[in-house]
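This report refers to the structure that appears directly beneath it.
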Amino acid sequence: MTATTKRLFEGADWNFQTLQRIYDACEETALSELGLDIYPNQIEVITAEQMLDAYSAVGMPLFYKHWSFGKHFAHQEAFYRKGLVGLSYEIVINSSPCISYLMEENTATMQTLVIAHAAFGHNHFFKNNYLFKQWTDAEGILDYLDFAKGYVAQCEERHGHLAVERTLDAAHALMSHGIDRYSGKKKLDLRTEEKRARERRLHAESAFNDLWRTVPTGQLKSAESLNIERRRQLLGLPQENLLYFLEKAAPRLQPWQRELLRIVRHIAQYFYPQRQTKVMNEGTATYVHYRVMTRLHEQGRISDGNFLEFLQSHTNVVFQPDFDDPRFSGFNPYALGFAIMQDIERIVSNPTDEDRDWFSDIAGTGDAMAVLRDVWANYRDESFISQFLSPRLMRRLRMFHLHDDPKESAIRVAAIHDERGYHRVRRELARQYDVGFIDANIEVVDVDLAGDRRLLLRHTVANGAMLEEADARRVLQHLADLWSYDVLLHEVNSSGKTLTEHLTSPSASRVAA
């Protein structure tokens, strides 16, 4: 059999039989040569408009309705029609089965690249990385999204579109502060959450008796019985998960509003690992598609012309503008992740003396895929960069660290890629991917239950980065509307000194009834 007769396709055209051949060939390399472990795959071919629709709903196929998704869709569509932005070749969902959407406009070469990238690269990372194992439920997410979509629609019928929209607006504004950042919480089981939500609703409906609303609530507890420590213990304070606190403790929220907060909170938690693994996730998928496409070319299954088409797309994906290029906006996660993973392969297979000094545990061990699979499973972006960014790669990428202090008259070059600067450059770059460093540390610290029920929050300022005044005011307004009473936020430094404070009262058309 000649190389030509073994080819998966000729030219750019494809059909579903071609896609099946492409998938089988990619699977053979991904599983047998790279040793990937994946969820079952579900491949769907969609139009550009459907891709735009998926964009608008953060890539989720069954998301509930909200005006912000339509706004995002109109924005993306207008820019796409004018040729100002392009569309991704694919979208992949962290679910089991793992759903990969392919654009029908893609050529056969691009469909091969996308299948290798999404259906095998991303899929393996979703299934094996410890953060996804800890915080997401791939088997339950689609059922839970279906439940959430139906629940939001039912709430709109029962309580009105405006009331539901106000609650979701407020919940979305607090979404980035609706996650658990540290281990210790049990893993999400979204199918169980869905079942419990249905049971809560059925119980509330079966036990409802309008007379109970007239029963006296008794005397208020004395100030002594609500001392500070007891109060904080009962409310689980301090609490960094603001949506969780409001869901459990906001005094005037209705049960359906608490359920909406719970839905938004669970979805925020589902996306939390992706925020921490952007470089690793895209680097893994790029490394896998590069290895698979190269192997298919070596086997003669794709032609030289198809391979050149792939290399052009791949080069665009990993393009990294220089720091003085007008297009520079930071590191391209595809480029950085792919470069580090190729460097790990080199260190494992063909190390230098410098590599042996810096990476004595992996240098020269010989099995690059075993090392990479271990890295993909046990690291996030911050630890990945701080552990595996090598001096050689820092020199190749010409890295340096700038120190920008408002108290100084000029920006200072604090470190460059030399013996004195390697550790500092690597440490400072890794910190830029540490969500514990870049996210504002805001906690609920107390509630004045015996007085005016004012909610007290504290923002511990790190590295002098205080909240932007206008944004803080808008987000606190949503928080006050859900809480139904005043909200006071103190911004304090590391020694506890108050730098500024923000006080917000609920609006007249507050969310809570």
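To test your reading of the geometry: what angle, between 0 and 90 degrees and rounded to tens, separates the Cα axis of helix 141-159 from the longest principal axis of the chain?
Helix 141-159 and the main axis of the chain meet at about 40 degrees.
Out of region 436-513, which trypsin sites (Lys or Arg not before Pro) are coil in DSSP terms and have no more than 11 other C-beta atoms within 10 Å?
Here the sparse-neighbourhood loop sites are 497.
Rounded if a/c is under 1.5, else prolate if a/b is larger than b/c, else oblate: which is region 461-513, with a ≥ b ≥ c the root eigenvalues of its Cα gyration tensor?
prolate
Starting from the residue with the highest accessible area, list 110, 175 in decreasing order, probe 1.4 Å.
Greatest to least solvent exposure: 175, 110.
Show me, for region 452-461, the HN-Hα J-couplings you get by feeding each phi into the Karplus relation (A = 6.51, B = -1.76, C = 1.60, θ = phi - 60°), rounded to Hz, glycine and proline as x.
Karplus values, whole Hz, x for Gly and Pro: 8, 6, 5, 8, 10, 10, 9, 10, 7, 6.
Rounded, prolate or oblate: which fits region 316-473 when a ≥ b ≥ c are the square roots of the eigenvalues of the alpha-carbon gyration tensor, with rounded for a/c under 1.5 and prolate only if a/b beats b/c?
It comes out prolate by the Cα gyration axes.
Using per-residue counts of other Cβ atoms within 10 Å, averaged over each peptide, order 253-265, 416-428 from highest down.
253-265, 416-428
As a quick test, which of the pairs 6/278; 65/195; 248/497; 248/278; 133/195 have an alpha carbon distance above 26 angstrom in this structure?
Pairs exceeding 26 Å: 6/278; 248/497; 248/278.
At residue 146 and residue 473, where each label point lies 7 Å from the Cα along Cα→Cβ, what is the point-to-point distance in nanometres?
A separation of 4.6 nm, rounded to one decimal place.
Work out, step by step, the length gained on full extension between residue 434 and residue 411: first 0.36 nm times the residue separation, then minus their alpha carbon distance; give nm to one decimal.
Between residue 434 and residue 411, full extension yields 6.0 nm more.
Rounded to the nearest 10 Å², what accessible area does residue 452 show when all protein chains are kept and the probe is 1.4 Å?
80 Å²
Per 5 Å bin, what is the whole-percent P(r) computed from every C-alpha pair distance within region 289-365?
All Cα pairs considered, the percentages come to 3, 14, 16, 15, 15, 18, 13, 6, 1.
Per residue, how much accessible area does the chain have with a 1.4 Å probe, in Å²?
With the other protein chains kept in place, the chain gives 50 Å² per residue.
Taking Cα centroids, how far is region 121-170 from region 469-483 in Å?
Result: 24 Å between the Cα centres.
Can you pull the percent of the chain's accessible area that's carbon plus sulfur, 1.4 Å probe, other chains left in place?
Roughly 50 percent, rounded to a whole number.
Calculate the spin-label point distance for residue 230 paired with residue 497, positioning each point 7 Å from the Cα along the beta-carbon direction, and give it in nanometres.
3.7 nm
In units of 2.2 N^0.38 Å, what is the alpha-carbon radius of gyration of the chain?
Against the empirical 2.2 N^0.38 Å value, I get 1.11 for the chain.
The values are calculated or read from the model by the stated rules, or taken from the named source; none is laboratory data. Predicted model only: the values in this text are computed from it and were never measured. All Cβ positions, glycine included, derive from the backbone under ideal geometry; neighbour counts span all protein chains shown. To get the accessible areas, we keep the full protein, side chains included, count just its heavy atoms, and leave off ligands, DNA and RNA. Shrake-Rupley method; radii C 1.70, N 1.55, O 1.52, S 1.80 Å.
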